[in-house]
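Everything on this sheet refers to the single structure shown next.
The values are calculated or read from the model by the stated rules, or taken from the named source; none is laboratory data. Please read all numbers here as calculations on a predicted model, not as lab measurements. Note that each Cβ is placed from the backbone with ideal geometry, even for glycine, and that neighbours are counted across all protein chains shown.
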Amino acid sequence: MANLKISNVTKRFGSLVANDDVSLEVSEGEVVALLGENGAGKTTLMNILFGHYVADEGTIEIDGVTLPPGSTDAAIKAGVGMVHQHFTLADNMSVLENIMLGTQSLWSLKSTVGKARQKMEDLASEYNLHVNPDAGIADLSVGERQRVEILKVLYRGAKILILDEPTAVLTPAETDQLLANLKNMVASGMSIIFISHKLHEVLAISDRVTVLRHGAMVGEIATRDADKAILAEMMVGRKVTRPKAQILEAGESVLELENICVAKKDAKLLSDVSLTIRCNEIVAIAGVAGNGQRELAELLSGLRSWDSGEFRFEGSAVTHPSARKFLTLGFGRIPEDRHHTGTVGEMTVWENLLSEKLGQAPMWKYGKFIDFAASRKKAAELIEQFDIRCNSMETPARLLSGGNMQKLILARTLTASPRFILANQPVRGLDEGAIAFVHEQLLEARKNGVGILLISEDLDEIFSIADRVAVIYHGRISPLLDVRKTNIRQIGAMMGGDMKAVA
């Protein structure tokens, strides 16, 4: 197996120092967790290790041999494998074809397929990563797809495995299985760099934790000497406590769906969905990605119509949906993808902050003309109120970190006085400090009478701030359960398709 040594790596993007003299060592058979706030430099450092970026200063050695900078091919040959948070598999190909892709010429003899199959099956057996070689990727569960991603890098001879948010879309049972599989790999000498914001997983799997802040290494601790509070404080430089929902009496119904169906050709994307969200409550929808969450979110954003069923908002039927109409009615939206649908990357921070206030005073005169002075003044107030960290309000939104981009979206949504908020994966990929801030804002909105639908794959989040929870599976939504009368294991089982767990 292999030993890794990263020495004094510095990487600049213009005036931004993404990595500042970072050194890190990983020994054979060791799991090192890499923690840090959004924008701390974790991904940049891993991209330098994997050859996507070239460091301005510093070196990377594997078993004493210096890697040439900026060569992914050299990194792979040296035994570095990287599994990204968002899978990079070809859905129209089989498992075996994905694993073989890029490892040999398209003109290779068919006999090599048999050898590849045997190699894959040997690896799957050795590391308990079983998956059907002939299955189509499109037909696999999320957990099975991740196994394919890991098998793909093992097939290429990886000895040092980089895992970026590996459990972001897994059920609790799949997460347990993954962690067990990783321990298997470590026992055979594999070295692992584990990047995650889920501190309980970091504590469960790692031997050592390294923390980055503002691009620099600020601390390292043996996992046996750490706990969640210590790690959170190391990450953000202060004590962080996630807020908990206080018991409130829910008010009148703000949004109702009754037997809603959404179809595409012959397939039902949503089937007989019935749901009620009331004032002063957070209703959560749990589920593994791809079970109808996107269609439900589009429906509640005015971006998708429905084929049958009734949609009521504050007691009145909703017809002819559109995003603008929903905003006018009092819908607030925190989209799943903050980069592509939550913000317009090339527009400035102030333009994004006010983009949903079309025609409103004082930012607009006569409903037609932008009052630039008033708009910038209002944007400055929101930037200060929500602690949006940017060089200036003229900064393009695409240059913000994930946490600050989410603060921008929150500021825009919450200051529009919404009656209902769709919060779709609101803390995905955020650090502890940003998570606490987002949850505080949502709970404050709940306290002020807003009804909130939270779509999340993070059961810790759901059990921290939601009042009621349902599970979405293959486009169907289970009956709502009181969060205080259920548990994570029950909901996790339902996410995997065991709807008997609702009983």
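Only strands (runs of 3 or more DSSP E) whose full extent lies in region 420-473 are considered here, and the ones with at least 1 residues that are among the charged types (D, E, K, R) and within 26 Å of residue 493 (Cβ to Cβ) are 468-473. Evaluate region 427-450: report whether one residue or more is in contact with a Cys (Cβ under 8 Å, 6 or more places away or on another chain), crowded, with 17+ Cβ neighbours inside 10 Å and not aromatic (Phe, Trp, Tyr). Within region 427-450, one or more residues are in contact with a Cys (Cβ under 8 Å, 6 or more places away or on another chain), crowded, with 17+ Cβ neighbours inside 10 Å and not aromatic (Phe, Trp, Tyr). Just one of the numbered conditions (1) over 25 Å from residue 83 (Cβ atoms); (2) of a type in the set (S, T, N, Q); (3) buried (at least 17 other Cβ atoms within 10 Å of the Cβ) is not true of residue 177: (1). One residue alone among 29, 51 is closer than 30 Å to residue 222 by Cα and without any contact (Cβ under 8 Å) to a residue 60 or more places away in the chain, and that residue is 51. Would you confirm, using the coordinates I've provided, whether residue 41 is closer than 30 Å to residue 289 by Cα, buried (at least 22 other Cβ atoms within 10 Å of the Cβ) and either modelled with pLDDT of 90 or more or not β-branched (Val, Ile, Thr) (or both)? Yes, satisfied. For region 194-242, enumerate the residues that are closer than 20 Å to residue 402 by Cβ, within 21 Å of the chain's Cα centre (by Cα) and of a type in the set (A, V, I, L, M). Selection gives 195, 199, 202, 211, 212, 231, 232, 235, 236, 240.
When 294, 208, 213, 224 are checked against the criterion of being closer than 30 Å to residue 26 by Cβ and without any contact (Cβ under 8 Å) to a residue 60 or more places away in the chain, 224 stands alone in meeting it. Strands (runs of 3 or more DSSP E) fully within region 257-353 that include at least 1 residues being closer than 26 Å to residue 495 by Cα and among the small types (Gly, Ala, Ser): 267-278, 281-286, 308-313. Report yes if some residue within region 81-91 is polar (S, T, N, Q), at pLDDT 90 or above and either assigned by TED's automatic domain parsing to the domain that holds residue 213 or at positive phi (or both); otherwise report no. Looking through region 81-91, none of the residues is polar (S, T, N, Q), at pLDDT 90 or above and either assigned by TED's automatic domain parsing to the domain that holds residue 213 or at positive phi (or both). Counting only residues that are within 24 Å of residue 489 (Cβ to Cβ) and crowded, with 21+ Cβ neighbours inside 10 Å, region 180-195 holds 2 of them. I'd like the residue in region 30-78 that is touching a Lys or Arg at 6+ places or on another chain (Cβ under 6 Å) and assigned to a loop (DSSP other than H, G, I, E, B) and, out of all such residues, is farthest from residue 194 (Cα to Cα). Among those residues, the one meeting the criterion is 56. With respect to (1) loosely packed, with under 13 Cβ neighbours inside 10 Å; (2) out of contact with any strand residue (DSSP E or B) (no Cβ under 9 Å at 6 or more places or on another chain); (3) of a type outside the set (Asp, Glu), the lone exception for residue 402 is condition (1). Evaluation of residue 408 against the conditions (1) over 15 Å from residue 379 (Cα atoms); (2) under 19 Å from the mean Cα position of the chain (by Cα); (3) buried (at least 24 other Cβ atoms within 10 Å of the Cβ) shows that the sole unmet condition is (1). Considered as a group, the residues in region 125-149 that are more than 18 Å from residue 163 (Cβ to Cβ) and among the hydrophobic types (A, V, I, L, M, F, W, C) include one that is surrounded by the fewest Cβ atoms within 10 Å (Cβ to Cβ), and that residue is 138.
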